[in-house]
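For reference, the structure discussed in these notes is given below.
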Amino acid sequence: MAPWAGAALWMLNPLRVVWLALAAAFLLTLLLQLVPPRWLPSCALFQDLIRYGKTKCGAPPRPAICRSFDVPKRYFSHFYVISVLWNGFLLWCLTQCLFLGAPFPDWLYTLLRILGAVQFRGGELALSAFLVLVFLWLHSLRRLFECLYVSVFSNAVIHIAQYCFGLVYYVLVGLTVLSQVPMDGRNVYVVGKNLLMQTRWFHILGVMMFIWSSVHQYKCHVILGNLRKNKAGVIIHCNHRIPFGDWFDYVSSPNYLAELMIYVSMAVTLGFHNITWWLVVTYVFFSQALAAFLSHKFYKSKFASYPKHRKAFLPFLF
């Protein structure tokens, strides 16, 4: 690889700046939560913005102005509706390009260039981005199914700022995947005679990791949902109970850990070396670690019998 090409791999573009800024913001927020409360002034608005659902119970008293911006947590399903539709559209556009030779629409190509997509870089495989976009769409479809038919939502809330961020997030993450497609003008650059000739060992590993992580996340959501149902599957309450089984034997929020592993599987599928996607993974790591830490504190404060060996997010570590 030419020296200039190696330098380009580390060059900042709008997408990388966004993901780097998000990762840094959530890292700082996590570090602030680890500091003893007496060392920092209390800020109800800040705590309200970083907590959602049950973890709002452990926050300082919420002013009335904060409660006026509440949105039901069950609106999480809206995130996945947007993702299924938007990322399904992006997947359809990419499929048209790969298998029918149709160019990207002008507006989409322009948007990708603004965000930082570049022309053919020599080392990227179109199959990698295609698989990751398929993963993202399937992941969103499964999460939508879980929100509608598996999870049991209480009257817990999220801040409207968190709701808006969630809507934008899945639009941005889909564009991030599509921007990693090697392009020749408005067309996708495909090495070899067909897409299957690009199959590499890391694609197979990435698929296996994605399935493994998705299965465990589904199991964890089923366990959480069943805590509020009887044996016949009928919802009987919306109280919080201590979950057991699967990865709950190791961490308080295995669904968040599985989310991280799903994004790592996408990084593997992209060939390990995609800097932009590793910034996405870094953001996911810190955001999920923050949510897991706050959830862990909630469980420990609510249940005196909570298993002491459980960690918040990473087995045996954190």
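Report, in listed order, any pair from 56/231; 73/229; 231/297 with a Cα-Cα distance greater than 24 Å. Listed pairs above 24 Å: 56/231; 231/297.
Taking all protein chains as they are arranged and a probe of 1.4 Å, the heavy atoms of residue 67 leave approximately 120 Å² accessible to solvent.
Counting DSSP beta bridges with both partners in the chain, what percentage is antiparallel, nearest 5?
On the way: 6 of 8 bridges.
Expressed as a percentage, antiparallel bridges in the chain total about 75.
So what does log10 I(q)/I(0) come out to for the stretch 200-317 at q = 0.14, 0.19 Å⁻¹, using the Debye formula with one equal point on every Cα and no solvent? One equal scatterer on each Cα of the stretch 200-317 leads to -0.66, -1.02. Here the Debye sum runs over all C-alpha atoms of the stretch 74-138 as equal scatterers in vacuum, and log10 of I(q)/I(0) at q = 0.16, 0.28 Å⁻¹ comes out as -0.63, -1.35. Scanning the chain for DSSP H helices at least 24 Å long along the axis (C-alpha atoms) with a Kyte-Doolittle mean no lower than 0.0 picks out 14-34, 76-100, 126-149, 160-178, 201-226, 275-302.
Of all alpha-carbon pairs in the stretch 47-109, indicate the percentage at a distance above 17 angstrom. Taking all Cα-Cα pairs of the stretch 47-109, the fraction more than 17 Å apart is 61 percent.
Place a point 7 Å from the Cα of residue 297 along the Cα-to-Cβ direction; which residues of the stretch 253-282 have their backbone N under 16 Å from it? Residues 253 fall inside that zone.
Want the number for residue 110 to residue 314: 0.36 nm per residue separation, take away the alpha-carbon distance, what's left?
Numbers: separation 204, 0.36 × 204 = 73.44 nm, distance 4.03 nm.
Gain in length upon complete extension: 69.4 nm.
Sorting 275, 114, 158 by accessible area puts them as 114, 275, 158; the probe is 1.4 Å, largest comes first, and only protein heavy atoms count. Placing one equal scatterer on every Cα of the chain and applying the Debye formula, the log10 ratio I(q)/I(0) at q = 0.07 Å⁻¹ is -0.31. Each of 318, 145 has its accessible area taken with a 1.4 Å probe; listed largest first, they run 145, 318. For residue 159, the shell of other residues with beta-carbons less than 12 Å away shows a net charge of +3, using +1 for Lys and Arg and -1 for Asp and Glu.
The values are calculated or read from the model by the stated rules, or taken from the named source; none is laboratory data. This structure is a prediction, so every number in the text was calculated from the model and none was measured. Neighbour counts are summed over all protein chains in view; Cβ atoms, including those assigned to glycine, are modelled from backbone coordinates with ideal geometry. Side chains included, ligands, DNA and RNA excluded: accessible areas come from the protein's heavy atoms. Shrake-Rupley method; radii C 1.70, N 1.55, O 1.52, S 1.80 Å.
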